[in-house]
Every structure is written in C-alpha cells, then in structure tokens.
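K.L.:
Input: one structure, supplied below.
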Amino acid sequence: MFGKKKPEVLVVGAGPVGLVAALTLARRGVRVQIIDEAWRPTAHAYALALHPASLALLAELDIAGPVIEEAYQVDGIGLYEGTERRERLSIGTSGGVYPHVAVMRQSSLEGLLVDALAEHKVKIDWNHRLARMTQGDGSVAVSVDKLEKDTTGYAVTHSSWVVASGHDFDVPYVIGADGHRSLVRRQLRMDFPEVGPAKHFAVFEFATDFDFGHELRLVLNETNANVAWPLPDGNCRWSFELPGYDAPKDQRHKDRHMYELGGMRYPQLEEDNLRSLLAERAPWFDGSIGDIRWRLVVRFERRLVKSFGADRIWLAGDAAHMASPIGIQSMNVGIQEAHRLAESVADTLQGKADDKALAAYEKERVTQWRQLLDLGGKLKATEATPEWLRPYASELVMGLPASGAELDGLTKQLGIEI
Ligand SMILES: Cc1cc2nc3c(=O)[nH]c(=O)nc-3n(C[C@H](O)[C@H](O)[C@H](O)COP(=O)(O)OP(=O)(O)OC[C@H]3O[C@@H](n4cnc5c(N)ncnc54)[C@H](O)[C@@H]3O)c2cc1C
C-alpha cells in the first residue's frame with residue numbers, strides 16, 4: 001500500500017482540507033499518505049468561493065495562477081435590507097495581494113490540488129477507509145480498509161462496496177480531515193456540540209443572464225438572510241434561509257421528491273418555489289432562469305469541536321467545525337488551518353519545533369472559531385454602524401466571505417467591532 005518507505009503522516013480525507021494538508025507536507029519533504037473512502041476524486045461542488053487569504057495561500061502552494069484564470073472575481077458585496085439596496089462593501093481593503101474573492105467550484109479546486117500532489121509524486125489512495133486508530137507512545141496505530149466494488153445478481157446486477165483487505169500499521173502523526181462525520185474525531189471521543197441553532201436554506205443553482213457586476217448580493221430581513229453568488233460559467237447560486245422550516249419526517253414514501261447530495265437526502269424544490277422566493281425577497285433580480293441544476297433544502301449546522309486534537313492526532317476543516325454557508329468560512333478557514341497544521345507537524349518531525357507548536361495550533365484555532373461563530377457575543381454594532389444594519393450586525397459578520405485581516409477590513413466599513 002505505501003511502497004518501500006512508511007509514511008510519517010497519514011492524512012484521512014481528500015476533500016479540500018486534506019488535500020491542502022498533504023500538499024503542504026509533500027512540499028516540506030515529509031512522507032505523506034492520503035486516503036479517502038470515496039471511489040473517485042473531485043466529486044464535490046458545494047463550497048464555491050476562495051477568500052483573499054485562501055488565494056494568498058494557494059499562491060504559496062504555486063497553484064493560484066490557474067485558480068485566478070478559471071474563477072469569476074467578486075470584488076464587492078451588495079447589501080440589501082429587504083428589497084432595498086443599502087450599501088456596497090469593498091473586498092480587498094486590507095492591502096493583501098488579492099483584492100477579491102475568487103468564485104470557482106470546490107470540485108475544480110480539488111482537481112488542481114490532486115494534480116499538484118501528483119507532481120510531488122503523492123498518489124491519493126481512493127477507496128481506502130480509516131477503520132480504527134489508537135494513540136500509542138510515539139506513534140498512532142491505524143487500521144485502514146481497502147474497499148472494492150462487489151457486483152452480484154442474476155437478472156439485475158447489484159453493486160455494493162465491500163472490504164477487500166485490511167492494513168494495520170503505525171504512523172507518527174494523523175491529520176483528520178475527514179469531514180463533518182469524522183471518524184478520527186469520534187475515535188478521539190471528542191464532543192462536537194452544536195453552538196447555535198441549525199438553519200435550513202433553499203438552495204437553487206441555475207443558468208442566468210443576470211449581470212452581477214462582480215458583486216455577491218446579501219439580502220437581510222428581520223427573520224432571514226439570503227445570498228446570491230455569481231458562478232464563472234453563466235450560472236448563479238441563490239441560498240434562501242427558511243426559518244421554521246419543518247423537514248419531512250417520513251422520507252420513505254416521498255422518494256421522487258428527494259435529492260441525493262454528499263451521501264445525504266434532501267427535499268427537492270420546484271421552479272415555482274424559486275420564482276416566489278425571488279418575487280418576495282429579491283424583486284430586483286431581473287435575470288433569466290435557465291436550466292436549474294440544484295433545487296433543494298439543505299440543513300446547515302453550527303458546530304465547534306471542544307479541542308482540535310492532542311499529542312499525535314489533529315483535526316482540521318469540517319471535522320472540527322461547521323458554519324453558515326453564506327460566507328464559505330468552513331472550507332476557507334479549513335484550508336488555511338490545514339496549511340498551518342501541516343507546517344507545525346513538518347517542523348516537529350524535522351526537529352525545528354517541539355510539541356508547543358501543536359499546542360499553539362490548538363489554542364489559535366479555538367480562538368479564531370469562537371470569534372467567527374460569535375461565541376463570546378463580541379460582535380458589536382457601534383455608533384458608526386448604519387442604523388438599519390444594527391439588528392443584523394453579528395449574523396452578518398458570520399456570513400461575510402473573509403477571515404482575519406480581511407474580515408476586519410469589511411467589518412470596519414460597517415462600523416462593527418470584533
Ligand atoms: C451537501 C453539502 C452542501 C454544502 N454546501 C455548502 C455551501 O453552499 N457553502 C459552503 O461554504 N460550504 C458548503 N458545504 C460545506 C463544504 O463542502 C465543506 O466546508 C468543505 O467540503 C470542507 O472540506 P473538508 O475537506 O473539511 O471536508 P469534506 O469535503 O467533507 O472531505 C472529507 C473527506 O473525507 C472522506 N472521509 C470521511 N470519512 C473517511 C474515513 N473514515 N476514511 C477515509 N476517508 C474518509 C470523505 O469521503 C471526504 O472526501 C456543504 C457541504 C455539504 C455536505
């Protein structure tokens with residue numbers, strides 16, 4: 001499975017976060033193994049934008065060029081209160097190299113990362129699932145199952161994935177980037193509590209001729225927040241918050257109304273639902289509605305892990321946090337923390353840092369996520385905040401497509417203090 005030399009780090013999960021962790025380690029000369037239980041790469045198209053800080057990170061990893069080429073650039077946020085346009089926020093006021101958000105599908109980003117890993121001779125082991133792991137003294141004992149398709153049946157063949165073989169080995173470090181249902185987190189017996197109410201969004205992705213003018217549109221109402229992202233290929237994605245949405249309880253009898261995405265099943269919507277939500281919440285949207293690729297209700301939870309790891313097992317990305325989809329924070333902050341974690345692990349392995357580097361990672365992550373999720377209740381409107389915006393201040397900050405200095409740059413324009 002691993003060739004002649006054993007890996008120094010096992011990365012579990014080849015989503016954007018695991019791929020960035022593996023690429024960072026490979027560039028540092030660390031022997032890295034990356035596994036994913038899925039059978040093929042780049043199957044995800046959920047998160048759709050890269051913050052300025054993520055672009056700077058991709059530049060460091062030498063893959064910003066193709067991202068900029070392919071992406072649609074968003075340099076402003078059009079803010080609406082109800083149906084009325086109120087403000088325009090400028091992205092890129094903090095003086096970074098990339099003064100915009102790059103809109104591209106998560107699947108395209110994953111494709112670029114897979115290619116960059118191949119250049120560093122790192123092959124992803126698709127169809128390999130972490131089964132168990134135990135933290136030992138100086139290493140982690142892991143069991144990985146290799147999955148194979150089993151096709152059986154007479155008149156109608158039936159396929160399912162079965163365990164073809166198992167591999168047990170020791171590895172100095174494990175990075176758990178295995179998404180919101182993380183087995184690494186569960187094996188560590190770490191709590192992943194909800195830190196705010198879950199929200200339902202009606203999500204529609206469709207072809208349109210609407211001219212977004214390089215802006216994303218954020219529509220705030222007393223009871224809901226809504227966002228429209230332009231996409232690079234003449235499509236857009238509208239997400240409408242549905243407060244009080246009651247998900248269908250019995251899904252068995254409503255199969256034709258369900259939509260499968262990321263291993264989950266979501267209620268499917270109709271074009272009429274899109275038309276009425278637009279008429280009610282964004283009557284200014286005068287674009288056409290062409291082919292609708294997504295029309296479903298998705299439930300988004302807000303969760304934050306109690307600890308980002310210990311000793312030789314560490315978490316990054318959705319394995320450790322889930323946030324609102326509006327500002328694409330979970331993936332963006334996730335890839336930045338994956339890079340940071342991988343650098344600390346490389347430093348530790350190469351004798352350039354001791355365990356304190358990883359303890360610092362833990363502290364820094366918890367602090368940043370408590371701030372992004374407003375867990376200390378510290379996001380405050382001030383006198384400089386426009387009157388109309390004051391009731392929405394903290395919710396708005398959680399939905400802005402930025403973190404760190406860039407987020408400060410945006411909140412300053414609104415007179416909101418963090
Ligand atoms: C249906 C859906 C819709 C979403 N919509 C949005 C959105 O609109 N906006 C937004 O910002 N974000 C959205 N997200 C979240 C976004 O996709 C994530 O933030 C992002 O993918 C996080 O990346 P990650 O690498 O941490 O995890 P993931 O992308 O989830 O990757 C984890 C990987 O780990 C693998 N894995 C899991 N368990 C194991 C195991 N035991 N062994 C080996 N491999 C394993 C999985 O196969 C997967 O490939 C959505 C997520 C979902 C599921």
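The values are calculated or read from the model by the stated rules, or taken from the named source; none is laboratory data. None of the values given here were measured: they were computed from a predicted structure. Methodologically, a virtual Cβ is constructed for each residue, glycine included, from the backbone with ideal geometry; neighbour enumeration extends over all protein chains shown. For accessibility, only protein heavy atoms count, side chains too; no ligands or nucleic acids. Shrake-Rupley method; radii C 1.70, N 1.55, O 1.52, S 1.80 Å.
K.L.:
Taking interchain pairs and intrachain pairs at least six residues apart, which have beta carbon atoms under 6 angstrom, with the first residue in the stretch 54-79 and buried (at least 17 other Cβ atoms within 10 Å of the Cβ) and the second among the acidic types (Asp, Glu) and modelled with pLDDT of 95 or more?
P.N.:
Listed by first residue and then by second, the contacts come to GLY76/GLU215; GLY78/GLU215.
K.L.:
Then there is this: Here's a check for you: in the stretch 242-269, which residue that is at pLDDT 90 or above and over 30 Å from ALA38 (Cα atoms) is surrounded by the most Cβ atoms within 10 Å (Cβ to Cβ)?
P.N.:
LEU242
K.L.:
Shifting gears a bit: Tally the residues that are open to solvent by 50 Å² or more (accessible area, probe 1.4 Å) and free of Cβ contacts under 8 Å to residues at least 60 places away in the same chain, restricting the search to the stretch 377-411.
P.N.:
Looking only at the stretch 377-411, we keep the residues that are open to solvent by 50 Å² or more (accessible area, probe 1.4 Å), and these are 378, 380, 383-384, 387, 390-391, 395, 405, 408.
Still in the running and free of Cβ contacts under 8 Å to residues at least 60 places away in the same chain: 378, 380, 383-384, 387, 390.
Matching residues across the stretch 377-411 total 6.
K.L.:
Since TRP314 meets every condition but one in (1) touching a helix residue (DSSP H, G or I) at 6+ places or on another chain (Cβ under 6 Å); (2) of a type outside the set (Gly, Ala, Ser); (3) part of a helix (DSSP H, G or I), which condition does it not meet?
P.N.:
Unmet condition: (3).
K.L.:
What are the pairs, 6+ residues apart or on separate chains, where a residue within the stretch 325-345 that is within 15 Å of ALA402 (Cβ to Cβ) and away from the ligand (no atom under 12 Å from the Cβ) has its Cβ under 9 Å from a residue that is open to solvent by 10 Å² or more (accessible area, probe 1.4 Å) and among the acidic types (Asp, Glu)?
P.N.:
From the stretch 325-345, no pairs qualify.
K.L.:
Taking only pairs six or more apart or across chains, which ones have beta-carbon atoms under 6 Å, a first residue in the stretch 5-28 that is at pLDDT below 95, and a second residue that is more than 6 Å from the ligand (Cβ to nearest atom)?
P.N.:
Cβ pairs passing all conditions: LYS5/ARG31.
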